[in-house]
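The values are calculated or read from the model by the stated rules, or taken from the named source; none is laboratory data. The structure displayed is predicted, hence computed values, not measured ones. Here Cβ is always computed from backbone atoms with ideal geometry, including for glycine, and neighbour counts include all displayed protein chains. The accessibility values were calculated without ligands, DNA or RNA, using every heavy atom of the protein model including side chains. Shrake-Rupley method; radii C 1.70, N 1.55, O 1.52, S 1.80 Å.
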Amino acid sequence: MEADLVIRNAREVVTTTGASSAPLSGQQMRGVTVIPNGFVAAHNGKIIAVGAEAELKGKIQLSAGARVIDAEQRVVIPGLVDPHTHLLFAGAREDEFLMRVAGESYMAIARAGGGIGRTVTETRKAGAQELMARGLKNLAMVMRQGTTTIEIKSGYGLSTATELEMLRVTRDLERQSPATIVSTFLGAHALAPEYKGRPDDFVEMVATEMLPAVKQENLAEYCDIFCEKGAFTVDQSRVVLKAAADLDFGIKIHGNELSASGGCALAAEMKAVSVDHCNFATPDELASMRAAGTIAVTLPGTPFFLLAPRYADGRMIIDTNVPLALATDYNPTSSISSMPFVMFLACRYMHLDPVEALCGATINAAHAVGLADRVGSLEPGKSADALILDVEDFRHIPFYVGRDIVDLVVKSGTPVCGKRVEAQRH
Ligand SMILES: [Zn+2]
């Protein structure tokens, strides 16, 4: 076998194996393959072999100019997958965090002009060029923290023209960034100001005008909706998601974040690929999600950052055999963009074991964005997306909160960032 990239001398290479066709659930989430003194070989950006260095070394021939990376006895894991972000926006809402810390209520913040509406105003004003610049900067920032595949939602335009603009910028980001990007249309993120008092008319417009326009330009793989008290009801959500399913979009739902909104039940009914948040998912809803094959994408960074008391019940989700994935929910009012930090939050607040957190941040997250055949594990045929981490055991990843453990990020067989790349600049 001929390789043009080799990662050698890893203390351990850690990955799930054989889970590319279905997400892991229940006890399966405790199973990863740990290869001591591991070795990864790639060719043309794809993995060709993973195993013990002693066994593989003699079978691999290096092509001319091949890159040999010495992991120096550090830990190698797959590139992380973040399956839920609102990474593209103008106007971060830092002041809302300060208000929350000072004890202001959600309503007081809304009265002061905060919330999604404020980001919509700023994003509409920004225009494509500014959004592109912000998007590239944010992507570089998340990749530096180990994310190599990321989902990005629209939803700060809320008119057909501005939603299309966000999605076109997302497509351009995909061409210009080394990251793999999945695009999700979230036209029904909040009620557009032009439709105040007429939510059903807005829902109808999203279903009959926005969705076909997005489809025509093939700008998104998924359609998502915010199904929650104060956003859209189950019936309104169903109108949008049925129209989306008819147009062959994959379905995602923001559900059961702040209340038992019925979003999880609707996700099961619609055979959604995922329902995201799930803080108030009921046992019945989880049972129906399991039957429908819907993944619970949990977002512990959101309650943590918004000073909200309720996290998704990680143990109940896993014990019900619903596949669990993790995501940052990075957005203008919650700045957490690090998947290792989210893995910590999942252990600390959702009582996940570190191995479950790793599955949630890699292969199950890849399933949640429909890319498990390409990313999310270190297996032959997949994109050579790998991290070298400055820890001695993969179980320690959640332990080093706030510490920069990302020694090197390799995307599609090319080193792109990390402490090691920066050290070479000096
Ligand atoms: Zn979200």
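Restricting region 289-307 to residues that are of a type in the set (A, V, I, L, M) and modelled with pLDDT of 95 or more, the residue that is farthest from the ligand (Cβ to nearest atom) is Ala291.
In the set Ala19, Ala54, Ala49, which member is in contact with a strand residue (DSSP E or B) (Cβ under 9 Å, 6 or more places away or on another chain) and either more than 16 Å from Pro380 (Cβ to Cβ) or at pLDDT below 95 (or both)?
Selected residue: Ala54, the only one of Ala19, Ala54, Ala49 that is in contact with a strand residue (DSSP E or B) (Cβ under 9 Å, 6 or more places away or on another chain) and either more than 16 Å from Pro380 (Cβ to Cβ) or at pLDDT below 95 (or both).
Among the residues of region 274-288, just one is β-branched (Val, Ile, Thr) and within 15 Å of the ligand (Cβ to nearest atom), namely Val275.
Taking the conditions exactly as written (assigned to a helix (DSSP H, G or I) and either open to solvent by 40 Å² or more (accessible area, probe 1.4 Å) or touching a Pro at 6+ places or on another chain (Cβ under 6 Å) (or both)), does Ala346 satisfy them or not? Yes; evaluated as a whole, the condition is true for this residue. When Arg310 is tested against the conditions (1) under 19 Å from Ala267 (Cβ atoms); (2) assigned to a loop (DSSP other than H, G, I, E, B); (3) open to solvent by less than 50 Å² (accessible area, probe 1.4 Å), the lone failure is (3).
Right, Asp224: of a type in the set (D, E, K, R), touching a Ser or Thr at 6+ places or on another chain (Cβ under 6 Å) and at pLDDT 95 or above or not? For Asp224, the condition - of a type in the set (D, E, K, R), touching a Ser or Thr at 6+ places or on another chain (Cβ under 6 Å) and at pLDDT 95 or above - is met. When region 268-283 is limited to residues that are part of a loop (DSSP other than H, G, I, E, B) and among the small types (Gly, Ala, Ser), the one that is nearest to the chain's Cα centre (by Cα) turns out to be Ala272. Give just the number: which of (1) assigned to a helix (DSSP H, G or I); (2) in contact with a strand residue (DSSP E or B) (Cβ under 7 Å, 6 or more places away or on another chain) does Glu392 not satisfy? Here Glu392 meets the rest and fails (1).
Would you check which residues across region 318-334 are open to solvent by 10 Å² or more (accessible area, probe 1.4 Å), near the ligand (Cβ under 10 Å from one of its atoms) and not hydroxyl-bearing (Ser, Thr, Tyr) and list them? Across region 318-334, the qualifying residue is only Asn331. Taken over region 236-267, the criterion of being assigned to a helix (DSSP H, G or I), open to solvent by 10 Å² or more (accessible area, probe 1.4 Å), among the small types (Gly, Ala, Ser) and touching a helix residue (DSSP H, G or I) at 6+ places or on another chain (Cβ under 7 Å) is satisfied by Ala243, Ala265. Residues in region 284-307 that are part of a helix (DSSP H, G or I), open to solvent by less than 10 Å² (accessible area, probe 1.4 Å) and without any contact (Cβ under 8 Å) to a residue 40 or more places away in the chain: Leu286, Met289. Only one entry of Ser337, Ser377 meets the criterion of being among the small types (Gly, Ala, Ser), within 16 Å of the ligand (Cβ to nearest atom) and not in a strand (DSSP E or B), and that entry is Ser337. Residue selection: Gly157 satisfies the criterion of being open to solvent by less than 10 Å² (accessible area, probe 1.4 Å), at pLDDT 95 or above and within 16 Å of the ligand (Cβ to nearest atom).
All of Thr85, Thr123, Thr170, Thr148 fail the test of being within 16 Å of the ligand (Cβ to nearest atom), of a type outside the set (A, V, I, L, M), closer than 30 Å to Val355 by Cα and open to solvent by less than 10 Å² (accessible area, probe 1.4 Å), apart from Thr85. For region 220-235, name all the residues that are under 24 Å from Gly197 (Cβ atoms) and in a loop (DSSP other than H, G, I, E, B). Hits for region 220-235 are Glu228, Lys229, Gly230, Ala231, Thr233.
Please go through region 374-426 and pick out each residue that is of a type in the set (Val, Ile, Thr), open to solvent by 50 Å² or more (accessible area, probe 1.4 Å) and closer than 12 Å to Pro340 by Cβ. Of everything in region 374-426, just one residue is of a type in the set (Val, Ile, Thr), open to solvent by 50 Å² or more (accessible area, probe 1.4 Å) and closer than 12 Å to Pro340 by Cβ, namely Val401. Among the residues in region 12-27, are any out of contact with any Gly (no Cβ under 6 Å at 6 or more places or on another chain), outside any loop (DSSP other than H, G, I, E, B) and surrounded by fewer than 18 Cβ atoms within 10 Å (Cβ to Cβ)? Yes, region 12-27 contains at least one residue that is out of contact with any Gly (no Cβ under 6 Å at 6 or more places or on another chain), outside any loop (DSSP other than H, G, I, E, B) and surrounded by fewer than 18 Cβ atoms within 10 Å (Cβ to Cβ).
In region 225-243, what residues are of a type in the set (Val, Ile, Thr) and within 16 Å of the ligand (Cβ to nearest atom)?
The answer is Ile225, Val240.
Within region 12-35, residues that are touching a residue at least 12 places away in the same chain (Cβ under 8 Å) and within 21 Å of Asp393 (Cβ to Cβ) have Cβ atoms under 6 Å from residues that are in a loop (DSSP other than H, G, I, E, B) and open to solvent by 70 Å² or more (accessible area, probe 1.4 Å) in these pairs: Thr33/Thr17, counting only partners at least 6 apart in sequence or on another chain.
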